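Participant: Have a look at this one.
What follows draws every value from the coordinates through simple rules; no lab data is involved. No experiment lies behind these values; they were computed from the predicted model shown. Heads up, the Cβs are rebuilt from the backbone with ideal geometry, glycines too, and the neighbour counts pull from every protein chain shown.
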Amino acid sequence: MLNNGAGTGSGELQGPVLVTLCTGNAARSVMAGAMLRTAPLTVVTAGTHVIEGQPMSRRTRAALEAVGLNADGHRSHQVTDEDIDGSVLILAMAAEHVSYIRRKHPHAAHRTASIKRLVRDLPPGPGALADRLATLALADVEVGEWEDVEDPAGGDDDLYVSCAEELADLCARLLPLLDDS
């Protein structure tokens, strides 16, 4: 289920929560959220510096369509304490987002990582996702620029499509690792 930060119909999230996190919740986290909606988790997309309630740009919409997906109804969402506290995983699109969580929500640092780090380092199941994340000692790893998915904001259509293609590859590689079985 792609939540887009709005909650389910009852106002409560159902099941374990994965937060996809970028800066404005306008491109990267939206794309990753749409790509991970088949994960065995409730997906919430959010940003670290958001103008709340904005629709995605036409470039983000077109980039998602280019990879055969959509995020209809998306509205930008500032990450909240509730999002962080209810999450089993905070999936950052860049090192700066990992650093943001470490500063603002240090209690969640052990379950926050960049998508590139998880694709590279997360051991496959069997085993609970939380237990496998714990083996990575995420709160203590040094984050680097190699972990960044380039922000397409302000770029042309091709940059957005390139971002969507990179995220589609990363998400396809991450999805099987999110299964607890």
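Participant: Relative contact order of the chain, please, whole-number percent, based on alpha carbon pairs below 8 angstrom and at least 6 residues apart.
Facilitator: 25 percent.
Participant: At q = 0.16 Å⁻¹, what is the log10 ratio I(q)/I(0) for the chain, with the Debye formula run over Cα points and no solvent?
Facilitator: -0.89
Participant: Per residue, how big is the convex hull around the C-alpha atoms of the stretch 87-163? Give it to me in cubic angstrom, could you?
Facilitator: 106 Å³
Participant: Follow-up question, since we're still on this one. Classify the stretch 18-66 as rounded, prolate or oblate from the Cα gyration tensor: take a ≥ b ≥ c as the square roots of its eigenvalues, call it rounded if a/c is under 1.5, otherwise prolate when a/b beats b/c and oblate if not.
Facilitator: oblate
Participant: Can you give me the distance in nm between label points at E82 and L177, each placed 7 Å from the Cα along the Cα-to-Cβ direction?
Facilitator: Each label point lies 7 Å from its Cα, and together they span 3.0 nm.
Participant: Would you mind checking the stretch 105-120 for residues with the amide N under 15 Å from a putative spin-label position 7 Å along Cα→C-beta of W146?
Facilitator: Within reach of a label on W146, which here means backbone N under 15 Å from a point 7 Å along Cα→Cβ, the stretch 105-120 contributes 114-120.
Participant: Counting each DSSP H run of 4 or more residues in the chain as -39500 (n - 2.57), what helix-only mean residue ellipticity at 222 nm follows after dividing by all residues, to the nearest 500 deg cm²/dmol?
Facilitator: Mean residue ellipticity, 222 nm, calculated: -10000 deg cm²/dmol.
Participant: GNM, the chain, Cα, under 10 Å: largest mean-square fluctuation among M31, M93, M56?
Facilitator: Among M31, M93, M56, the largest GNM mean-square fluctuation belongs to M56.
Participant: Among A46, T80, L174, which residue has its Cα positioned farthest towards the positive end of the charge dipole of the chain, with +1 placed on the Cβ of Lys and Arg, -1 on the Cβ of Asp and Glu, and the dipole taken about the Cα centre?
Facilitator: Farthest towards the positive end: T80.
Participant: When only DSSP loop residues count, what chymotrypsin sites (Phe, Trp or Tyr not before Pro) in the stretch 100-174 have their Cβ near at most 15 other Cβ atoms within 10 Å?
Facilitator: none
Participant: Arrange the following residues from fewest to most other Cβ atoms within 10 Å of their Cβ: C22, C163.
Facilitator: Lowest count first: C163, C22.
Participant: Evaluate the charge dipole of the stretch 86-181 about its Cα centre and quote only its size in Debye, nearest 20, assuming +1 on the Cβ of each Lys and Arg and -1 on the Cβ of each Asp and Glu.
Facilitator: 680 debye
Participant: Among the GluC sites (Glu not before Pro) within the stretch 138-180, which fall in a DSSP loop and have no more than 12 other Cβ atoms within 10 Å of their own Cβ?
Facilitator: Passing sites in the stretch 138-180 are E142.
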